[in-house]
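So the structure is just underneath, and the comments pick up after that.
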Amino acid sequence: ILANEELLLDTIDRIFDKQTASELDGGSIRKFRALLEKDGTEFGLPLAGSNEALVLLYDQVFGSLDIQNDEELDKEAFGSAVKQILQEILNQMESNPVFHEPEGN
C-alpha cells in the first residue's frame with residue numbers, strides 16, 4: 001500500500017472518516033492500532049490475533065511514536081502518522097519477518 005500513494009491516501013481518508021463519523025474529534029493512533037490488529041490484511045499485514053511476534057512488533061512501533069496514542073489528530077496529522085507507522089512496520093518486517101499460517105489452515 002505504501003508503493004501506491006493514491007491507494008494509501010484513499011485508505012487514510014476512509015479510515016479517518018470512519019473514525020470521526022461517530023465522534024466530534026479527529027482520528028487517534030490508538031484507534032488505528034486497533035484497526036490494524038483487527039483487519040491488518042487491508043494493509044497487507046497478517047492479523048495480530050494470536051501472533052505474539054506481530055503484537056510485539058506493534059508495541060515497538062507504536063511505542064516509538066512522538067504522538068500520544070489517545071491524542072486526537074486532524075486529518076493531515078493522522079495521515080502523516082499512518083504513513084510513518086506503516087513505513088516503520090515495513091522496515092521492521094524487512095529485517096525481522098513475522099511468519100504466520102494462512103487463514104483456513
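Just so you know, all these numbers are worked out from the coordinates, no wet-lab data involved. From a predicted model like this one, the values you see are computed outputs, not experimental measurements.
In whole Hz and in residue order, list the ³J(HN,Hα) couplings for region 77-89 that follow from phi through the Karplus curve 6.51 cos²θ - 1.76 cosθ + 1.60, θ = phi - 60°; x for Gly and Pro. Values, residue by residue: 5, 5, x, 4, 5, 4, 4, 4, 5, 5, 5, 5, 4 Hz. Taking the Cα atoms of region 4-95, the ratio Rg/Rh between the radius of gyration and the Kirkwood radius comes to 0.94. Averaging the sequence gap over all C-alpha pairs within less than 8 Å and six or more residues apart, then dividing by the number of residues, gives region 4-95 a relative contact order of 35 percent. Work out, step by step, the length gained on full extension between Q87 and D66: first 0.36 nm times the residue separation, then minus their alpha carbon distance; give nm to one decimal. Extra length available between Q87 and D66 comes to 6.1 nm.
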